[in-house]
1. What percent of all Cα-Cα pairs in the chain falls in each 10 Å bin, counting up from 0?
2. Give the calculated FRET efficiency between R13 and E72 to the nearest 0.05, with a Förster radius of 30 Å applied to their Cβ-Cβ distance.
3. With n ≥ 4 as the cut-off for DSSP H runs, can you work out [θ] at 222 nm for the chain, using -39500 (n - 2.57) per run divided by the number of residues, rounded to the nearest 500?
4. Taking the Cβ of each residue in V18, V117 as the centre, tally the other Cβ atoms inside 10 Å and list the residues starting with the fewest.
Amino acid sequence: MAEVIFRAEIKKRKIKYVDAASAGIFAQNSTAINPLSAACLREMGLDHSKFKPRQLKHKMIESSYITVCMTEDQKELLNGFENVCSVRDIAGFDIPDPYGRGEEAYRYTARALCAAVDALIRRYFSDAPSGRTSKK
């Protein structure tokens with residue numbers, strides 16, 4: 001959900017030259033998004049058809065401008081990289097993992113992601129004129 005929400009928000013704000021790629025530390029590569037994640041994104045009017053779950057690789061971290069972990073615990077697992085931070089560092093809270101829980105847990109996580117994405121954009125990309133952002 002994080003990738004889809006972030007991409008929708010940068011598109012809405014007309015921030016160019018910024019992209020996101022979501023990957024899980026313990027995720028399994030799959031061809032399908034979790035059905036409850038998909039339902040939340042549909043409720044929000046967001047297209048998730050191009051999203052494919054994937055596992056995080058060191059090369060992804062090394063080639064990114066910033067890697068944002070959903071929790072402090074995840075950040076600690078990646079402590080060897082200078083460009084790793086957590087949502088808590090940016091927005092002051094962790095993003096709960098709804099996996100294995102019900103629809104309301106997914107909705108709660110989606111709302112938390114929206115708040116975190118807003119904080120992330122304000123912190124890292126709001127100083128650039130619309131359409132002129134060059135961070136990746």
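1. Values per bin, smallest distances first: 12, 43, 39, 7, 0.
2. Values: r = 27 Å, r/R0 = 0.91.
Plugging the Cβ-Cβ distance into 1/(1 + (r/R0)^6) gives 0.65.
3. -12500 deg cm²/dmol
4. Details: V18 19, V117 22.
In increasing order of surrounding Cβ atoms, one gets V18, V117.
The numbers here are math on the coordinates, done by the rules we state, and not lab data. Predicted model, so just to flag it, every value in this text is computed and none were measured. All Cβ positions, even for glycine, are placed from backbone atoms using ideal geometry, and neighbour counts span all protein chains on display.
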